[in-house]
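*Asks:* Structure provided below as structure tokens; questions to follow.
Nothing in this text is a laboratory measurement; each read-out follows from the coordinates by a stated rule. None of these values were measured; they are calculated from a predicted model. Cβ: placed from backbone, ideal geometry, glycine included. Neighbour counts: every protein chain shown.
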Amino acid sequence: MSATTAFGTPQSAAAYLDSIGIGHILLAALLIAFPFVANDFFIAQIGAYSLIFGMIALSLMLLAGYGGMVSLAQITVAGIAGYVIAIFGVNQTGVHGFGWPLWILVPFAVLVAACVSALIGWISVRTAGIYTIMITLAIATAFFYFTQQNYSLFNGHSGFSGLPSPRFWGIDWRAPAPFYALCLASAAVCYIAVLYISRSTFGLALQATRDNQRRMRALGFHVIAHKVAAYFLAGLIAGLAGVLLVWFNGRISPGTVGVDVAIDVLVIAVVGGIRHPIGPFFGAVVFVLLKTFAIDLVGAERFNTLIGAVFLAIVLVSPDGLLGLWQQIKPHLSQQALRPG
């Protein structure tokens with residue numbers, strides 16, 4: 001049995017599967033099977049929530065891993081998409097709510113978020129290192145306080161509640177299994193897109209810019225344009241995650257875009273592994289599991305201490321996060337498997 005390559009030449013099924021990666025196939029099978037073996041709580045509160053925050057952290061990974069730009073404003077970008085959904089869609093607060101249809105509202109929200117992300121990039125890409133982090137943190141902090149204090153546009157501290165979940169094709173997409181499927185499909189598209197970008201001409205140029213800006217500028221590449229474009233693409237991912245986050249919570253408020261959440265996104269990306277697109281999703285699963293269950297063991301007051309301890313432990317053992325730890329363990333497992341019994 002054979003497959004056909006993009007150039008029309010026959011390819012064996014084994015080689016075709018190897019080109020995809022057996023790890024991707026197994027992971028996809030596990031994710032698809034998850035809602036069939038888990039209850040509604042795990043499907044929504046663990047599965048869907050992890051995918052949403054994995055997407056936001058993925059947008060950070062695109063910037064930091066491939067572009068060397070650590071942005072703490074990704075939750076801000078996601079929040080902007082969420083506020084667009086609340087303001088131009090339907091809400092039950094009596095403030096705004098223009099009732100736009102979903103097929104216009106969702107692309108518009110994602111596009112606005114991407115444009116704001118590009119603007120943030122345009123402001124911050126002229127700096128590097130700690131200065132980029134501080135500028136994006138300042139933007140995230142300013143947006144948090146602006147939403148909290150502005151009542152005419154963002155309804156202040158209360159935000160917007162009663163945001164309906166999407167209903168089309170006769171399906172309530174807020175039900176646990178359909179919503180998980182929607183999040184999984186969105187995350188898969190974003191993940192594949194980031195993989196494609198990393199191997200494209202643009203992605204290779206972005207990585208080369210990360211490694212040596214002066215050389216890329218000397219070769220005729222517009223360094224700032226590449227970085228701003230990366231922010232725009234990251235904004236598309238974060239914006240889509242912001243739409244899903246609003247549907248998940250049924251509301252949005254300044255707490256959604258708080259500075260603590262911005263730090264959480266960074267922790268998720270670093271813990272999972274910020275050098276590969278799959279890392280943020282692993283980090284999101286660990287974070288959501290800790291947030292869901294550990295808070296009952298250590299209490300809300302000590303939860304952040306626990307998160308910090310886990311973060312330090314993982315980074316000290318493996319600076320590349322969970323993926324780096326797996327790369328360290330994998331050779332030893334292979335040697336054990338090949339060793340005769």
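*Asks:* Taking square-rooted eigenvalues a ≥ b ≥ c of the alpha carbon gyration tensor, is region 142-235 rounded, prolate or oblate, where a/c under 1.5 means rounded and, failing that, a/b exceeding b/c means prolate?
*Replies:* Oblate, because a/c is 1.5 or more while a/b does not exceed b/c.
*Asks:* Hey, another quick one. Give me the distance between the Cα centres of region 136-172 and region 73-105, rounded to whole Å.
*Replies:* Centre-to-centre distance over Cα atoms comes out at 7 Å.
*Asks:* Related question: Below 8 Å between Cα atoms, with a sequence gap of 6+, how large is the relative contact order for the chain in percent?
*Replies:* Once divided by the residue count of the chain, the mean separation gives 28 percent.
*Asks:* Students often check this: by mean Cβ neighbours within 10 Å, which of 92-101, 133-142, 70-79 ranks highest, and how do the rest follow?
*Replies:* Packing proxy ranking, top to bottom: 70-79, 133-142, 92-101.
*Asks:* Treating the beta-carbon of each Lys and Arg as +1 and of each Asp and Glu as -1, no other charges, what is the dipole magnitude of region 39-281 about its Cα centre, to the nearest 20 debye?
*Replies:* 700 debye
*Asks:* If you don't mind, there's one more thing I want to ask. Decide, for region 164-322, between rounded, prolate and oblate: order the square roots of the alpha carbon gyration tensor eigenvalues as a ≥ b ≥ c, take rounded if a/c falls under 1.5, and otherwise choose prolate if a/b is larger than b/c, else oblate.
*Replies:* oblate
*Asks:* Please report Cys115, Cys190, Cys183 as a ranked list, fewest other C-beta atoms within 10 angstrom at the top and most at the bottom.
*Replies:* Fewest-to-most Cβ neighbours within 10 Å comes out as Cys115, Cys190, Cys183.
*Asks:* Starting from the eigenvalues of the Cα gyration tensor, five times each then square-rooted, give me the equivalent ellipsoid semi-axes of the chain, largest first, whole Å.
*Replies:* Equivalent-ellipsoid dimensions as semi-axes: 32, 26, 23 Å.
*Asks:* Then there's this: Among 30-43, 278-291, how do they line up by average Cβ neighbours within 10 Å per residue, starting with the highest?
*Replies:* Highest-to-lowest ranking by the protection proxy: 278-291, 30-43.
*Asks:* Place the peptides 214-220, 59-65, 116-122, 235-241 in order of packing, highest mean first, counting for every residue the other Cβ atoms within 10 Å and averaging per peptide.
*Replies:* The peptides rank, most packed first, as 235-241, 59-65, 116-122, 214-220.
*Asks:* Helix check for the chain. Which DSSP H runs span at least 18 Å along their own axis by Cα, with a mean Kyte-Doolittle hydropathy no less than 1.6?
*Replies:* 22-37, 49-67, 74-88, 102-124, 223-249, 259-272, 300-317
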